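Q: Please see the structure below; I have some questions.
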Amino acid sequence: DVCSFRSKLILLDSLLQEKMKDLLRGTLLCFVLINGLKAESLGDGLAEGQLKAGLAEGQLKAKADIAQDNSATGEGFVYPYFFEIKDASNVIRARLNLTKGPFLLDLVKTTTTGNKVVYVKNEKKQIILFGNSSFDQTDPTTSAVVTGNGANGTTIDITIAYDGMVAANSTFIVQSAEIKLSIELGGPTRMDYWNITAASIEVNSTVNSTATNLSLDLTPKFGYSSRTADFACTTGFGICAPLGLCWSCDDQVMKPNNLTAVGTGKLAVFLHFPGMVLQPVTGNTTTGFGYNWDCDPLIPISLWVSLLVTLMLASILFWALYMLSALQTPNKFDDPKGPSIHVPQAE
């Protein structure tokens, strides 16, 4: 009968489950025994190989640490444009490393568009460069002046001066230049940051055989606006980092921001710091640089906007599909106690 047949099926299913469990146990036991034999036969060689690999890794790490320390302390390899800027007491006040080359100046010119002073551009809206000069002929003299006791509000005024530079067959010849940077600890943007609050350059040069002396204010903007909430440490804006960290940038460019003060039809320069790494020395800073605070953010605003817009559109689509799946056919005319709807098939 049906009941006895169902009981037989249940008994057969339980027997099959027991057999499958026994088979799985045997397979796992064989796998463990085989791996144990392999580990026992190869244990000595594997242990020796791991020991050698560990020693090699330790030696490579030690060599890397030594190379990093030597790059900052002057032993072994040293970047050609690494500067330890000291004060009159021979105390290091800041470190600057240009990892991708010397200082570079781009010569540009201003013009007037409407009532606004802008840089001269070509048809593709790109700024036209009238010449360039790199500071790779002489070694600079550096100095630092500290105002304060190292606490918040302390100012470090840095001067980097080049002199005796010449360049043949060039329309833009720089004889001397003086770069000044003012670093404030603990402000003005945030109390736990250091910030470049002032920057300027004085250039004695010759442009097309005409003596040209330039004195420009290169102080960067602190943020997107003058409000404290809009202060930003990123490309095109403030040069700042948390205390104990260094500012790094692949190509830091400092240029005049107030073109009205420069005037129309005037020459100006863009100052490049190729591969810039800068850090003021605070009371708890040891040799070398701290961790990098890069000028390019890990997730830029454009990527954030793209992600948020995509999530918004995806949520709208999900909500729409959910609402469609929740639609039900009307049942107000159905009567479960009455006769069912009959549709005749014959004509």
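Q: Once you have a ≥ b ≥ c as the square roots of the Cα gyration tensor eigenvalues for segment 209-311, tell me rounded if a/c is under 1.5, and otherwise prolate or oblate according to whether a/b is larger than b/c.
A: oblate
Q: Go through Trp293, Trp304, Trp247 and list them by solvent-accessible area, largest first, probe radius 1.4 Å.
A: Largest to smallest exposure gives the sequence Trp304, Trp293, Trp247.
Q: Under the rule a/c < 1.5 gives rounded, and otherwise a/b versus b/c splits prolate from oblate, where does segment 171-229 land using the Cα gyration tensor?
A: Note, shape of segment 171-229 comes out prolate.
Q: By its C-alpha gyration tensor, with a ≥ b ≥ c as the square roots of the eigenvalues, how is segment 87-206 shaped: rounded for a/c under 1.5, else prolate for a/b larger than b/c, else oblate?
A: oblate
Q: So for segment 124-259, averaging the separation of alpha carbon pairs under 8 Å that are six or more residues apart and normalising by length, what relative contact order in percent results?
A: Here the relative contact order equals 16 percent.
Q: Of Lys100/Lys125; Lys109/Lys180; Lys121/Lys255; Lys124/Lys180; Lys125/Lys266, which pairs sit farther than 25 Å apart, going by alpha carbon to alpha carbon?
A: Numbers: Lys100/Lys125 27 Å; Lys109/Lys180 22 Å; Lys121/Lys255 16 Å; Lys124/Lys180 34 Å; Lys125/Lys266 19 Å.
From the list (Lys100/Lys125; Lys109/Lys180; Lys121/Lys255; Lys124/Lys180; Lys125/Lys266), the Cα-Cα distance tops 25 Å for Lys100/Lys125; Lys124/Lys180.
Q: How large a share of the accessible area of segment 72-182, in percent, is made up of carbon and sulfur atoms when the probe is 1.4 Å and the other protein chains stay in place?
A: 48
Q: Over segment 166-232, what is the mean sequence separation of C-alpha contacts under 8 Å (at least six apart), divided by residue count, expressed as relative contact order in percent?
A: 26
The values are calculated or read from the model by the stated rules, or taken from the named source; none is laboratory data. Note that the structure is a prediction, hence the values are computed from the model and not measured. Ligands, DNA and RNA are excluded from the accessible area calculation, which covers all protein heavy atoms including side chains. Shrake-Rupley method; radii C 1.70, N 1.55, O 1.52, S 1.80 Å.
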